[in-house]
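The values are calculated or read from the model by the stated rules, or taken from the named source; none is laboratory data. Quantities reported herein were computed from a predicted structural model and do not represent experimental measurements. Reconstructed Cβ throughout: ideal geometry from the backbone, glycine too, with neighbour counts over all protein chains shown. What goes into the accessible areas is simple: the full protein's heavy atoms, side chains included, and nothing from ligands, DNA or RNA. Shrake-Rupley method; radii C 1.70, N 1.55, O 1.52, S 1.80 Å.
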Amino acid sequence: MGKKENKSKTINIKNKRASFDYALFDDYTCGIVLTGTEIKSIRQGKASLVDTFCYVNNGEVWVKNMYIAHYEQGSYNNHVERRDRKLLLNRREIRKIQSTVKAPGFSIIPTLLYINEDGRAKLDIAIARGKKEYDKRASAKEEELKRVTREAKYK
């Protein structure tokens, strides 16, 4: 039969508040340990990264509070919506993340959840530092200035 055709619909679930609330530094792409009904719900686009964060525990990185809706045909095999899920990273990457996050003010924030071309769920995480209120206003001004210059360029 051959390979499955790629679906025209791509799944990109973004954490829209991440770049507004945090200054993002290092980016990492990692896999997620999921159950059968969880991956089916993600493929339907029924997941959210709102109020989600990651932490390191015993040399493993975990994502906490990630919402994945119940799968409609899951019956008694359905999963818990907001359970801790293990992230798959190299040992070297985990050590680097752990040493960076030990500094005060730094945390690990998920930025994007997507399905790659092989059909596997991937999560982009970033090392982040929280922004102060005046930092948020300054970055909003910069975005507004960029938008105005883009619009003036095309007029």
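How big is the Cα convex hull of the stretch 22-61 in projection, averaged over all directions, in nm²?
If I average the Cα hull's projected area over directions, I get 4.2 nm².
Dipole of the chain (Lys/Arg Cβ +1, Asp/Glu Cβ -1, origin at the Cα centre): which of Asn12, Thr52, Ile109 lies farthest to the positive side?
Positive-most Cα among the choices belongs to Asn12.
Expressed as a rounded percentage, what relative contact order does the stretch 2-102 have, with Cα pairs under 8 Å and six or more residues apart?
Values: 123 pairs, mean separation 26.8, N = 101.
With pairs under 8 Å counted, the relative contact order is 27 percent.
Once neighbouring chains are kept in place and the probe is 1.4 Å, which whole percent of the accessible area of the chain is contributed by carbon and sulfur?
Numbers: 5350 of 10810 Å².
Ligands and nucleic acids excluded, carbon and sulfur give 49 percent.
Report the convex hull volume per residue for the chain, counting only C-alpha atoms, in Å³.
172 Å³
Sorted from largest to smallest, which semi-axis lengths in Å does the alpha carbon gyration tensor of the stretch 74-125 give for its equivalent ellipsoid, taking the root of 5 times each eigenvalue?
27, 15, 11
Compute the accessible area per residue over the chain, keeping the other protein chains in place, probe 1.4 Å, unit Å².
Roughly 70 Å² per residue, with all protein chains present.
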